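Undergrad: Here it is: the structure, laid out below.
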Amino acid sequence: MNAPDLIRQKRDGLSLSKAEILSFIAGFTRGEIPDYQASALLMAICLRGMDVRETADLTDAMLQSGRTLDLSSLPGAKVDKHSTGGVGDKTSLVVAPVAAAAGLCVPMISGRALGHTGGTLDKLEAIPGFNPRLSLSEFRRVLETCGFAFGAATEEIAPADQKLYALRDVTATVESIPLITASIMSKKLAEGIDGLVLDVKAGAGAFMPTLEDARALAASLVATGEAHGKRVHALITDMSQPLGKAAGNALEVIEAVETLKGRGPCDLTELCRELAAHMLVVGRVTDSLDEARARFDSVIRSGEALGRFARVVAEQGGNPRVLEDYALLPQAQHQDSIRASETGFIAALNARMIGTASMLLGAGRERSDAQIDPAVGVVFEKKVGDAVHAGDRVCTLHFNDHSRLQFARDLIRDAVAISPASVTPPLLITECLIPCS
C-alpha cells in the first residue's frame, strides 16, 4: 500500500478498495502513516465523498482497530440508541432503563460535552460517586446485573477513531458525512449490538442544521448499519429549540428522573417514548410501534424503569438517594431570570445560542480539557408557541461565576424571539427512516 497513491485516488474522485482502506487505517493506527498523510486523505474524503460501500469499509477498518464486545451469552437482543447531539438532550437517561425494563439488553457507551452540545457522561457524573469509566469486564458485569450500563469510550474501542477525530477537529473535516458515519458506527458496532436506533438532530442547535443534511446523514448511518448486518432505525428530530426545559448537567438529571416518574415535559416524554418504541421493535420485543409505546407507558407507570435506573446508579458507584432527594445533587449558588420584553408568543429559542450560554456558565466545554460545573445551566418556563406577557419569566439561569453571567444573559436574550401573532411549535419528529428488510 502506497499512501500517496491512495490520497491521489481519492483526490481525483476515485473509489478506494476495501483492502486499501483497511491497510491505510491499520498503518495509521500503528503510527506507520504520519498525521500529514492522514490529514490529506481526510480532506480528500471531505471534498470528494465516499460511496456506501467505501463508507462501510471505512467503518469496518476503524472497528477492527480495537476490541469488540461479545455479548452473545447475555439474554435478550442488544440494542442501543445514539443521538447526534443537541441542547437539553437527556433522552439516554430515560430510554436506556425503559428499554432494559421492557426486555432489551442496552450497552450504552456515551460521550462528553464539547462546544454548545451536552454530553451524557457529564450528566451522569453530576450524580455523586457515579463512575462511567468502566473496564470492559465491569461494563459487562453491570449489563448482566441491570440489563443496561452507561460506559465511556476507552482506548480499547475503535482507537483509530480517536486518532482520526483529533485530526478532523483541526483540519476542518468534521462535517464530512462519510467520516461522521464511520466515527459513530465504528464505536456503536464495537458494543456488540444487534440493532441501533438513531436520533439525528436537525435545526439551529444540531450538528446538521438543515433537514437535507440530517436526512443524508441518517441515510448514511442506516446504510452502514445494514451493511454490517444490523437492524437500524433513524428518526430525524427537531433541535431548533432545547429539548425539554433544562440545559445543564444536574438540572437535566432531575428532568430525566422526573420523566422516569411520569412527570417529565411533554416534548421530552414524547421523544423518549418514540425512541424506546423503535428500540423495542428493532429488538423484536414487540411487533408494532403502538405495542411498544404501550410498553413504555407501562414500565414508567409501574416504576420498573425508575427502579432499573436506581440499580445502575448504585452498581456504578453513585448515590441512588438522589433520585428521591434532588438536594443531594450539585446546587448552583445563584439564580437570575430572563423576562419577556413584550407581550406575544415565543417564536424562537435558538438552541445553539442557548447551548453556548449554558457552556459559558460552566455547563459545557469550550476546549476538551475544560472543567465542567455540574450545578449550572438554564431552565426554561416557556417554549416555542407559548403565550407570554411583558415581564413574564422565560427562563432561570443557575450560576456560580458572576464574571460570565452577563455574556450568558446577552446570548439568551438574543436567542429568544417574541411574535405578536400566535406561533405553531416545530414538529418534534420530522421523519423516520425504517429499512424495508
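The values are calculated or read from the model by the stated rules, or taken from the named source; none is laboratory data. Note that the coordinates shown come from a computational prediction; the quantities given were computed from them, not determined experimentally. We place every Cβ from the backbone using ideal geometry, glycine too, and count neighbours over all the protein chains shown. To get the accessible areas, we keep the full protein, side chains included, count just its heavy atoms, and leave off ligands, DNA and RNA. Shrake-Rupley method; radii C 1.70, N 1.55, O 1.52, S 1.80 Å.
Undergrad: According to a simple spin-label model (label point 7 Å from Cα along Cα-to-Cβ), what is the distance in nm between residue 15 and residue 261?
TA: With each label placed 7 Å out from Cα toward Cβ, I get 5.6 nm.
Undergrad: Would you compute, from DSSP H runs of 4+ residues alone, the mean residue ellipticity of the chain at 222 nm, taking -39500 (n - 2.57) per run and dividing by the full residue count, rounded to the nearest 500? Present the calculation step by step, with values, prior to reporting the outcome.
TA: Details: 16 runs with 187 residues, N = 437.
That calculation yields -13000 deg cm²/dmol at 222 nm.
Undergrad: Further, regarding this structure: With a 1.4 Å probe and all protein chains left in place, how much accessible area per residue does region 280-427 have, in Å²? Mind dumping the intermediate values first?
TA: Working: 7300 Å² over 148 residues.
For region 280-427, the per-residue accessible area is 49 Å².
Undergrad: So the label point goes 7 Å from the Cα of residue 70 along Cα→C-beta, right? Which residues of region 170-196 then have their backbone N under 20 Å from it?
TA: Inside the label zone: 187-195.
Undergrad: Still on this model: What list of ³J(HN,Hα) couplings, whole Hz, do you get for region 196-201 from phi and the Karplus terms 6.51, -1.76, 1.60, once you set θ to phi - 60° and write x for glycine and proline?
TA: Those phi angles translate into 8, 10, 10, 10, 9, 7 Hz.
Undergrad: Sticking with this structure for a sec: Which percent of the Cα-Cα distances in region 8-84 go past 16 Å?
TA: Values: 1768 of 2926 pairs.
For region 8-84, the share of Cα pairs beyond 16 Å comes to 60 percent.
Undergrad: Using each residue's phi in region 253-265, evaluate 6.51 cos²θ - 1.76 cosθ + 1.60 at θ = phi - 60° and report the 3J(HN,Hα) Karplus result to the nearest Hz, with x for Gly and Pro.
TA: 4, 4, 5, 5, 5, 4, 5, 5, 8, x, 10, x, x
Undergrad: Summing +1 for each Lys or Arg and -1 for each Asp or Glu, what net charge is found among the other residues whose Cβ lies under 13 Å from the Cβ of residue 394? Don't skip to the end; give the middle numbers.
TA: Numbers: positive: 245, 339, 382, 383, 393, 409, 413; negative: 336, 342, 381, 386, 392, 414.
Counting the neighbours of residue 394, the net charge comes to +1.
Undergrad: If amide hydrogens are placed 1.01 Å from N in the peptide plane, which non-local residues have theirs closer than 5 Å to the one on residue 151?
TA: 108, 109, 110
Undergrad: Right, another one. What are the residues whose amide H is under 5 Å from the amide H of residue 431, where those residues sit 5 or more places off or on another chain and H is modelled from the backbone?
TA: Those qualifying (amide H under 5 Å, at least 5 residues apart or on another chain) are 236.
Undergrad: If you don't mind, there's one more thing I want to ask. What's the carbon and sulfur percent of region 199-248's accessible surface, probe 1.4 angstrom, rounded to a whole number? Could you put the intermediate results ahead of the total?
TA: Working: 770 of 1430 Å².
C and S fraction of accessible area: 54 percent.
Undergrad: Cut-off 12 Å, label point 7 angstrom out along Cα-to-Cβ of residue 402: give me the residues of region 334-356 whose amide nitrogen falls inside.
TA: The answer is 334.
Undergrad: In addition: How about region 210-290: which trypsin sites (Lys or Arg not before Pro) there are in a DSSP loop, with at most 12 other Cβ atoms within 10 Å of their Cβ?
TA: Details: sites: 215, 230, 231, 245, 261, 263, 273, 284; in loops: 230, 245, 261, 263, 284.
Here the sparse-neighbourhood loop sites are 263.
Undergrad: Restricting to lysines 8 or more places apart or on different chains, can you count the pairs in region 123-266 with Cα atoms under 25 Å from each other?
TA: 14
Undergrad: Which of the GluC sites (Glu not before Pro) found in region 118-156 are loop residues per DSSP with 11 or fewer other Cβ atoms within 10 Å of their Cβ?
TA: Values: sites: 125, 138, 144, 155, 156; in loops: 125, 155, 156.
Hits after loop and neighbour filter: 155.
Undergrad: How much length is gained on full extension from residue 287 to residue 429, taking 0.36 nm per residue of separation minus their Cα-Cα distance? Numbers along the way, then the final one.
TA: Details: separation 142, 0.36 × 142 = 51.12 nm, distance 2.12 nm.
Once the chain is fully extended between residue 287 and residue 429, it gains 49.0 nm.
Undergrad: Which residue fluctuates the most in the chain, going by a Gaussian network model with Cα springs under 10 Å, if the choices are 389, 398, 228?
TA: Comparing 389, 398, 228 in the GNM, the peak value goes to 389.
Undergrad: Shifting gears a bit: Quick query: amide H of residue 331 versus all other amide H atoms, modeled in the peptide plane; which residues come in under 5 Å with a sequence gap of 5 or more or a different chain?
TA: none
Undergrad: Quote the FRET efficiency, to the nearest 0.05, computed for residue 324 versus residue 174 with a Förster distance R0 of 30 Å and r equal to the Cβ-Cβ distance. Could you put the intermediate results ahead of the total?
TA: On the way: r = 41 Å, r/R0 = 1.36.
Using R0 = 30 Å, I get an efficiency of 0.15.
Undergrad: Enumerate the calculated ³J(HN,Hα) couplings along region 150-167 in order (Karplus 6.51 cos²θ - 1.76 cosθ + 1.60, θ = phi - 60°), each rounded to whole Hz, writing x wherever the residue is Gly or Pro.
TA: Working through the residues one at a time gives 10, x, 9, 4, 10, 5, 6, 9, 6, x, 4, 5, 4, 5, 5, 5, 4, 6 Hz.
Undergrad: Who wins for biggest fluctuation among 388, 312, 282 in a Gaussian network model of the chain, springs between alpha carbons below 10 Å?
TA: Ranking 388, 312, 282 by mean-square fluctuation puts 388 first.
Undergrad: Which residue, 43, 353, 62, has the most motion in a Gaussian network model of the chain that connects Cα atoms within less than 10 Å?
TA: Of 43, 353, 62, the most mobile in the Gaussian network model is 43.
Undergrad: Could I ask something else about it? Suppose the Debye formula is applied to equal point scatterers at every Cα of the chain; what is log10 I(q)/I(0) at q = 0.07, 0.11, 0.12 Å⁻¹?
TA: Log-scaled intensity ratios, in q order: -0.34, -0.84, -1.00.
Undergrad: Grab the Cα-Cα distance for residue 417 and residue 30, subtract it from 0.36 nm times how many residues apart they are, and report the gain in nm with one decimal.
TA: On the way: separation 387, 0.36 × 387 = 139.32 nm, distance 5.13 nm.
Computed gain between residue 417 and residue 30 is 134.2 nm.
Undergrad: Can you tell me how region 278-419 classifies by the Cα gyration tensor, rounded, prolate or oblate, using a/c under 1.5 as the rounded cut?
TA: Working: a/c = 2.22, a/b = 1.43, b/c = 1.56.
It is oblate, given that a/c is not under 1.5 and a/b is not larger than b/c.
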